[in-house]
């Protein structure tokens, strides 16, 4: 069942001015309940504008955004409630930390929802565990944390609102490889335990390949691909023509396939090894 749908969604910046620019152009897609969707596209493709439509931060110029089948703009006065159901983590969210302690910062969203102090703290502590923040850090000032810890605290603040849909815009940007690995693993664990919908926007095709069930590709404000992750990455040459860099292992497998090797596009090194080892053993047996 779709949790988010768009119907001929169009958005223009500067409508009615000489500087009018179409950022989203008649996009009709469905995001399924409980799926992990990857969203990719080069800079200016419309992906950031699209996710801001999902929770009403931007209002469509035309078309509709449906949340569980209901137009989110049917009752404009209730648009704030939509933002509790569709949580958004912006790029570099740690810049939005401001409270005296990490715990108070993570509690901010739940308390805005009208929850009691006890309920807000329970949610905050559970969210902190999801993102790997130990209890002893919760009483510290957020400005005493490392960069990766700040990022996790900011994400916990959105998770604590327990949204039906969690949208993360480049959550691993600026992190070192270890920090990226840890954060992606924690997001994946959160999704598996909560069974809610997660939408991950990333420039890293490797990150998307690791965690996404399906991938949406944006280009020029249009949704040009939406399919299972392995099927999208199998179209590696098309992705490259759109200015996107497919994972190196996928590129190698695509090149082998183009030269007649009976393989399909793999997303990870382990998947590539599973395909290539039997072929190498077979080749060795034939030569022997």
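Before moving on, here are some points about what is shown:
- Output for region 109-128, where each listed residue is part of a helix (DSSP H, G or I) and exposed (fewer than 14 other Cβ atoms within 10 Å of the Cβ): 112, 117, 118
- Of the numbered criteria (1) at pLDDT 90 or above; (2) touching a helix residue (DSSP H, G or I) at 6+ places or on another chain (Cβ under 7 Å); (3) buried (at least 21 other Cβ atoms within 10 Å of the Cβ), the one residue 223 fails is (2).
- Residues in region 33-76 that are in a strand (DSSP E or B) and either modelled with pLDDT under 95 or surrounded by 15 or more Cβ atoms within 10 Å (Cβ to Cβ) (or both): 36, 37, 38, 39, 40, 63, 64, 65, 66, 67.
- Unmet requirement for residue 148, which otherwise passes all of (1) over 23 Å from residue 193 (Cα atoms); (2) modelled with pLDDT under 90; (3) assigned to a helix (DSSP H, G or I): (1)
- Subset of region 249-280 that is assigned to a loop (DSSP other than H, G, I, E, B) and within 30 Å of the chain's Cα centre (by Cα) - its residue that is modelled with the highest pLDDT: 263
- Flag if residue 8 is assigned to a strand (DSSP E or B) and either assigned by TED's automatic domain parsing to the domain that holds residue 80 or surrounded by 16 or more Cβ atoms within 10 Å (Cβ to Cβ) (or both): yes
- Verdict on residue 106 being part of a helix (DSSP H, G or I), in contact with a strand residue (DSSP E or B) (Cβ under 6 Å, 6 or more places away or on another chain) and within 30 Å of residue 2 (Cα to Cα): no
- Number of positions in region 80-102 that are under 17 Å from residue 162 (Cα atoms) and not in a loop (DSSP other than H, G, I, E, B): 10
- Residue check for residue 239: part of a helix (DSSP H, G or I), more than 18 Å from the chain's Cα centre (by Cα) and within 21 Å of residue 45 (Cα to Cα): yes
- Residue within region 163-176 that is farther than 21 Å from residue 113 by Cα and not in a loop (DSSP other than H, G, I, E, B) present: yes
- Residue-level analysis places residue 189 outside the set of residues that are in a helix (DSSP H, G or I), in contact (Cβ under 8 Å) with a residue 60 or more places away in the chain, farther than 24 Å from residue 41 by Cα and more than 11 Å from the chain's Cα centre (by Cα).
- Hey, residue 14 without any contact (Cβ under 8 Å) to a residue 40 or more places away in the chain and on the phi > 0 side of the Ramachandran plot or not: yes
- Residue in region 168-181 that is on the phi > 0 side of the Ramachandran plot and either free of Cβ contacts under 8 Å to residues at least 60 places away in the same chain or buried (at least 17 other Cβ atoms within 10 Å of the Cβ) (or both) present: yes
Residue-wise test of (1) buried (at least 23 other Cβ atoms within 10 Å of the Cβ); (2) part of a strand (DSSP E or B); (3) touching a strand residue (DSSP E or B) at 6+ places or on another chain (Cβ under 8 Å).
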| position | (1), (2), (3) |
| --- | --- |
| 200 | yes, yes, yes |
| 208 | yes, no, yes |
| 218 | yes, yes, yes |
| 227 | no, yes, yes |
| 231 | no, no, no |
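The values are calculated or read from the model by the stated rules, or taken from the named source; none is laboratory data. Here the structure is a predicted model, which is why all the values come from computation and not from measurement. Every residue, glycine among them, receives a Cβ derived from its backbone with ideal geometry; neighbour counts consider all protein chains shown.
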